[in-house]
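Structure first, commentary second.
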Amino acid sequence: MIKNRKGQLFKDREISWLHFNERVLQEAENPNNPLMERIKFLAIFSSNLDEFFRVRVAQIRRLQRMNGKKSISEYQSSPDEILSEIQRTVLVLQDKFSDIYENQILPELNKNKIFLIEEHEVSEKERSIIREYFRLNVLNQLFPVVIDDLRHIPHLRDRSIYLAVRMKDSKELERTRHAIIEIPTAVINRFFTLPLSPDGQHIILLENIIRLNLRHIFSIFNYDFYESYIIKLTRDAEYEISKDDNDYSVNLLDKIQKSLKQRSKGIPTRFVYDESMPTDMLDLFIRKLDLKNVNLIPGGRYHNFKDFMDFPKVGKPGDYYPPLVQIPVPEIDKEKIMFDAISKQDILLHQPYQSFDYLIRFLREAAIDPKVTTILITLYRVAKHSNVVNALINAVKNGKKVVVLMELQARFDEESNIYWTNQLQEAGAQVHFGKPGQKVHCKLCLIYRKEDNKVVKYTHLSTGNYNNVTARIYSDFSLFTKDTRITEEIDALTDILFVNLKRGGFKHILVAPDFMKKQFITLIENESSHARAGKPAFIKAKMNSLVDTDIIKKLYEASNAGVKIQLIIRGICCLVPGVEGSSKNIEVISIVDRFLEHARIYMFGNAGEEKIFLASADWMSRNLMNRIECAFPLYNETARKTVLDIFELQWADAVKSRKITGISDNELPLNHEQAGKFSSQQLSYNYFLNRMQTTD
């Protein structure tokens, strides 16, 4: 956290992100959460941290190599200082993680007669079962490398875990060898559930199955003592797209496929190891792996906790969140076709409380509707099994023109997006790949339909991805509308996306990178002017991250002008609230709960005539200046009231919200454990349930 020359405060974005991940860890620690869900929060924490080192730490390492002691910007310290603080913070979080797992989760599992057993704890009967399983399923997937005579250990893959092994002969102590074995979790389930035993359910991890059989794996050496420790290397996930020619749209697919291979060979950014590994053995592996300028992170016996997302389905129903029964939308369900429902009124949905399948129905009906001629859609993160793409392919088969903007550079979803690109192209859809250097992050679907000899446009806009899997676990808003104020401008936006035309003059939607930031700044400045004039003035916003320094400065100015500002920020928050002379009128909370809070909401008092926008964009420079984004207004009064009501429910959350202050990023409400309190997510569900029952 630093002050600029005007005394305004800015938190470091990397440390703020680590504080967000600590909030995830708090959910794993929270005994009020179901036991198996606490395990999932540990897995989410681990997966988040992996991506942080693959992306953010990797980027700072690149800056460090250029000039480690020079400040990154006016608002960020030097790479050396940031990396040092990251190391300190991560070690603290790693210790907390280990404590939660070892001293809270494991005892709770054992209390429920669920035991994660180690190789020395198996019974003779279980040993026989495990050895047979090893022989039939595991052995042929193992390819050990003996490293002692190698100058360097062969390439270790990112996101894989390895067993570092030391073999000794008790009679000839100097006869020692070291080996490394990749744990084949990509092809074999990491958890092996043993037959129910008299004392409960035993589960053994794949690495412990391998440990139990080390003597068999290395039988050629005839050693009688083995010790083994899990290690893991995290690599820079960035890749470069070659610029060998200018035919961007034609060659981008091939270029990305080739460039993805760079990712597996990225420079190491983190080495995680079992802290019980002997020092001399650790030094050997660090030397053999040539780990210079890499964060060395001691950990427990197990790594890659992201695999615990797939922990076996054991335990009681009460050990899990109750199934979410999604709430019907009567305005849609009572109509034979969705176009009729949308013609009567704008329809706002809130996933996951209401079903994402309404979009699938929208596309399915469009595919067979004789009046529909064209479907245009942007896709950012596509599910492995995508109902959206299948519906689009069906539309092509029914003779519709389908035009798709597939963002091939959606990080870590490139392979899935490439697969579906090929499927769409084979079906006959037109597939575009966006613009060089700009990710297309807006989520829109536009349908042309002939009605009374005119082309009528229907659009669906969303704060979240067109992904049927994440729609069950991400909290997002989406809007169906035929309001020409919006559809005509979305049509103009598709000219930018698909035809590469230069378009402007947007009066209703906010479009990045050309206009959105200026428009948001104007909206903030207007609130400052209203406050000075004694008119109603407020800013209520919800987003994933707040990083852009120009926006933050304007929020500070608005605070000093007397504008009341309420911010709900799930992740990074570089603004420091509650500081006299800068942010006295700004309050910030963060909510981490069962569903990932993903919707972006921007509301401005506007002297009593509130303006409300939903968006896929955060107030981050990358969204505002380097991506194609769209913030769309709400004009329907029911939709506007819904968003305001949900925001207020979240702002009043006394269970899952954390107060972000100048001192702490994770201050829980004082009464968050009171009996009878409900989280805002539960109250949001009840809100839509009550409205559905009232509508019926």
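Residues that are closer than 21 Å to PRO268 by Cβ, out of contact with any Leu (no Cβ under 6 Å at 6 or more places or on another chain) and in contact (Cβ under 8 Å) with a residue 24 or more places away in the chain number at least 3 in the following strands (runs of 3 or more DSSP E) confined to the stretch 133-212: 161-168, 176-182.
For MET620, the criteria (1) under 26 Å from ALA558 (Cα atoms); (2) of a type in the set (A, V, I, L, M); (3) in contact (Cβ under 8 Å) with a residue 40 or more places away in the chain; (4) touching a Pro at 6+ places or on another chain (Cβ under 9 Å) hold in every case but one, which is (4).
Yes/no matrix, rows are residues, columns are (1) touching an Asp or Glu at 6+ places or on another chain (Cβ under 8 Å); (2) charged (D, E, K, R):
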{"residue": "GLU580", "(1), (2)": "no, yes"}
{"residue": "GLU587", "(1), (2)": "no, yes"}
{"residue": "PHE595", "(1), (2)": "no, no"}
{"residue": "ARG600", "(1), (2)": "yes, yes"}
{"residue": "MET603", "(1), (2)": "yes, no"}
{"residue": "ALA607", "(1), (2)": "no, no"}
{"residue": "GLU610", "(1), (2)": "no, yes"}
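Checked against (1) in contact with a strand residue (DSSP E or B) (Cβ under 8 Å, 6 or more places away or on another chain); (2) closer than 20 Å to THR374 by Cα; (3) part of a helix (DSSP H, G or I), ASP495 meets all criteria but (1).
Can you confirm whether the stretch 365-372 contains a residue that is in contact (Cβ under 8 Å) with a residue 60 or more places away in the chain, among the β-branched types (Val, Ile, Thr) and in contact with a Lys or Arg (Cβ under 8 Å, 6 or more places away or on another chain)? Yes, the stretch 365-372 contains at least one residue that is in contact (Cβ under 8 Å) with a residue 60 or more places away in the chain, among the β-branched types (Val, Ile, Thr) and in contact with a Lys or Arg (Cβ under 8 Å, 6 or more places away or on another chain). If I filter the stretch 298-320 for residues that are of a type in the set (S, T, N, Q), within 25 Å of the chain's Cα centre (by Cα), crowded, with 19+ Cβ neighbours inside 10 Å and assigned to a strand (DSSP E or B), do I get at least one hit? Among the residues of the stretch 298-320, not one is of a type in the set (S, T, N, Q), within 25 Å of the chain's Cα centre (by Cα), crowded, with 19+ Cβ neighbours inside 10 Å and assigned to a strand (DSSP E or B), which makes the answer no.
Might you check whether a residue that is within 26 Å of ALA639 (Cα to Cα), modelled with pLDDT of 95 or more and either assigned to a loop (DSSP other than H, G, I, E, B) or aliphatic (A, V, I, L, M) (or both) occurs anywhere in the stretch 527-534? Within the stretch 527-534, none of the residues are within 26 Å of ALA639 (Cα to Cα), modelled with pLDDT of 95 or more and either assigned to a loop (DSSP other than H, G, I, E, B) or aliphatic (A, V, I, L, M) (or both).
Residues in the stretch 479-532 that are of a type in the set (Lys, Arg), farther than 16 Å from LYS457 by Cβ and surrounded by fewer than 16 Cβ atoms within 10 Å (Cβ to Cβ): LYS502, LYS507, LYS518, ARG532.
Going by the conditions given, is ILE539 over 22 Å from the mean Cα position of the chain (by Cα), surrounded by 22 or more Cβ atoms within 10 Å (Cβ to Cβ) and not polar (S, T, N, Q)?
yes
Here the strands (runs of 3 or more DSSP E) wholly within the stretch 542-654 that include at least 3 residues being out of contact with any Phe, Trp or Tyr (no Cβ under 6 Å at 6 or more places or on another chain) and farther than 20 Å from LYS443 by Cα are 564-569, 586-591. From the list ASN606, ASN666, ASN626, ASN671, the one residue that fits, being polar (S, T, N, Q), at pLDDT 95 or above and surrounded by fewer than 22 Cβ atoms within 10 Å (Cβ to Cβ), is ASN606. Among the residues of the stretch 395-435, the ones that are surrounded by 21 or more Cβ atoms within 10 Å (Cβ to Cβ), over 16 Å from PHE498 (Cβ atoms) and aromatic (Phe, Trp, Tyr) come to 1 in all. For the stretch 444-473, residues that are more than 20 Å from MET406 (Cβ to Cβ), buried (at least 17 other Cβ atoms within 10 Å of the Cβ) and under 30 Å from the mean Cα position of the chain (by Cα) total 1.
Kindly indicate the residue of the stretch 19-52 that is hydrophobic (A, V, I, L, M, F, W, C) and within 14 Å of the chain's Cα centre (by Cα) and also surrounded by the most Cβ atoms within 10 Å (Cβ to Cβ) among those meeting that condition. Per the criteria, the residue is LEU49. Listed by first and then second residue, the pairs linking a residue in the stretch 27-46 that is without any contact (Cβ under 8 Å) to a residue 40 or more places away in the chain to a residue that is assigned to a helix (DSSP H, G or I) and of a type in the set (Gly, Ala, Ser), with Cβ atoms under 7 Å apart and 6 or more places separating them unless they lie on different chains, are PHE41/ALA28.
Evaluate the following for LEU63: is it in the same structural domain as ILE220 (by TED's automatic domain parsing) and closer than 30 Å to ARG177 by Cα? In short, no. Of the residues in the stretch 518-535, not one is touching a helix residue (DSSP H, G or I) at 6+ places or on another chain (Cβ under 7 Å), closer than 30 Å to VAL431 by Cβ and touching a residue at least 12 places away in the same chain (Cβ under 8 Å).
The values are calculated or read from the model by the stated rules, or taken from the named source; none is laboratory data. Because the structure is predicted, anything quoted here is derived from the model rather than measured. Every residue, glycine among them, receives a Cβ derived from its backbone with ideal geometry; neighbour counts consider all protein chains shown.
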